[in-house]
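Below is one structure; the comments refer to it alone.
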Amino acid sequence: MSEGPAGARERLVYGRRKGKKLRPGRQSLYDEALPRLKLILPEAGDLDLPTLFGEPKAACWIEIGFGAGEHLADQAALHPAIGFIGCEPFLNGLAACVSHLIERDLGNVRLHGDDARQVLRALPAASIARAHVLFPDPWPKVRHHRRRIVSTPVLDLLSRAMADGAELRLATDHMDYARWMLRHCLAHPDFDWLAERPDDWRRPAADETPTRYEQKALAAGLKPLYFRFRRRTRGEGEGNLPLVFPPALA
Ligand SMILES: C[S@@+](CC[C@H](N)C(=O)[O-])C[C@H]1O[C@@H](n2cnc3c(N)ncnc32)[C@H](O)[C@@H]1O
């Protein structure tokens, strides 16, 4: 829990923070490596991205809710010139990700073991070139919908942090959340949907790597949906777009 800006109590993270006790090997790797990999948020002002990764990076990408970190580690390995920030409040996921990064000797990732909104608020404006929110918790009950991370306030934070033309990539295997994602992103003045044909939302982008949840969904015969949005150029003429749902999702 933390204090919101208006003084109201704001619950930041829903869902599990801890699972099984970590195995001793993983616990000691985590204890030893996390201080090096951990993102330190500034008390005030913006994160200093140019010094964050120990060397200058061509761009910074963020992954929100990386789970056990397979996608984050694969992307970091594929794009060594990019600096990655991963956010994941589930301790066991964070520890699994630390293991992947150490095993693969990946130095271009920094991890935040808490709510992604704290990072989004601390990022310099227009500093992020790509954001991933892949298979976020669907919170299927109507009374829990307000817990969904894809929401207007989070899109506002992403819009501020993302550079002009930056990509926001979303995926889900939950049809109601897919419609919710589209509704919120299409109604947001700063994002344009990049889809041109059904395969653009039925298949991941060609340069994507799978996530653990995606693999589980595919193995269970589900058909995940993938959405790519472009952060509009600032001053390009903002205003609500008409809601245009593809027939399959309407
Ligand atoms: C269903 S899992 C998907 C994990 C991973 N993206 C995948 O596809 O395998 C969603 C993850 O989002 C994380 N999460 C929930 N709330 C979050 C928040 N406020 N900030 C960052 N991550 C969050 C959860 O802890 C969980 O690990």
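The values are calculated or read from the model by the stated rules, or taken from the named source; none is laboratory data. Predicted model, so just to flag it, every value in this text is computed and none were measured. Don't worry about glycine lacking a Cβ; one is built from the backbone with ideal geometry, like all the others, and counts go over all protein chains shown.
Here are the criteria: (1) among the small types (Gly, Ala, Ser); (2) more than 19 Å from LEU22 (Cα to Cα); (3) touching a strand residue (DSSP E or B) at 6+ places or on another chain (Cβ under 8 Å). Tell me which single one GLY107 does not satisfy.
For GLY107, the exception is condition (3).
So how many residues does the stretch 68-97 have that are near the ligand (Cβ under 9 Å from one of its atoms) and aromatic (Phe, Trp, Tyr)?
1
Determine the pairs where a residue that is more than 19 Å from LEU194 (Cα to Cα), located within the stretch 144-168, has a partner that is assigned to a strand (DSSP E or B) with Cβ atoms under 7 Å apart, the partner being 6 or more residues away or on another chain.
Short answer, once both residue conditions are applied: ILE149/ILE64; ILE149/VAL133; ALA161/ILE128.
Condition test on ASP46, is it assigned to a loop (DSSP other than H, G, I, E, B) and free of Cβ contacts under 8 Å to residues at least 40 places away in the same chain?
Here the answer is no, as ASP46 does not meet what is asked.
Name the single residue that is farthest from the ligand (Cβ to nearest atom) among those in the stretch 211-221 being surrounded by 14 or more Cβ atoms within 10 Å (Cβ to Cβ) and not polar (S, T, N, Q).
ALA217
Could you check LEU101 against (1) over 24 Å from LYS18 (Cβ atoms); (2) crowded, with 19+ Cβ neighbours inside 10 Å; (3) more than 15 Å from the ligand (Cβ to nearest atom) and say which number it fails?
(1)
Select from the stretch 104-114 the residues that are within 14 Å of the ligand (Cβ to nearest atom) and in a loop (DSSP other than H, G, I, E, B) and write down the one among them that is surrounded by the most Cβ atoms within 10 Å (Cβ to Cβ).
GLY113
Take ARG117 and decide whether it is within 16 Å of the ligand (Cβ to nearest atom), surrounded by fewer than 21 Cβ atoms within 10 Å (Cβ to Cβ) and either assigned to a strand (DSSP E or B) or touching a residue at least 60 places away in the same chain (Cβ under 8 Å) (or both).
Judged against the criteria, ARG117 is a match.
Enumerate the pairs (first residue in the stretch 64-77 and within 21 Å of GLY19 (Cα to Cα) and of a type in the set (A, V, I, L, M); second residue anywhere and assigned to a loop (DSSP other than H, G, I, E, B) and within 6 Å of the ligand (Cβ to nearest atom)) with beta-carbon separation below 8 Å, excluding pairs fewer than 6 apart on the same chain, so at least 6 apart or on different chains.
ILE64/PRO136; ILE64/ILE149; LEU72/PHE66
Give me the pairs, please: first residue somewhere in the stretch 196-225 and more than 27 Å from HIS100 (Cα to Cα), second residue anywhere and away from the ligand (no atom under 11 Å from the Cβ) and of a type in the set (Phe, Trp, Tyr), beta-carbon distance under 8 Å, and either six or more positions apart or on two chains.
Pairs found: ASP200/TYR226; TRP201/TYR226; TRP201/PHE227; ARG202/TYR226.
Only one of these conditions is not met by TRP180: (1) modelled with pLDDT of 95 or more; (2) of a type outside the set (Lys, Arg); (3) touching a Pro at 6+ places or on another chain (Cβ under 8 Å). Which number is it?
Going through the list (1) modelled with pLDDT of 95 or more; (2) of a type outside the set (Lys, Arg); (3) touching a Pro at 6+ places or on another chain (Cβ under 8 Å), TRP180 breaks only (3).
May I ask you to say which residue of HIS145, HIS132 is modelled with pLDDT of 95 or more and buried (at least 16 other Cβ atoms within 10 Å of the Cβ)?
One residue alone meets the criteria, HIS132.
Go through the stretch 51-86 and give me each residue that's within 19 Å of ALA163 (Cα to Cα), out of contact with any Leu (no Cβ under 7 Å at 6 or more places or on another chain) and not in a loop (DSSP other than H, G, I, E, B).
THR51, LEU52, ALA59, TRP61, ILE62, ILE64, ILE82 - these are the residues of the stretch 51-86 that are within 19 Å of ALA163 (Cα to Cα), out of contact with any Leu (no Cβ under 7 Å at 6 or more places or on another chain) and not in a loop (DSSP other than H, G, I, E, B).
Which residue is nearest to GLY15 (Cα to Cα), if the candidates are limited to the stretch 60-91 and must be among the acidic types (Asp, Glu) and out of contact with any His (no Cβ under 6 Å at 6 or more places or on another chain)?
GLU88
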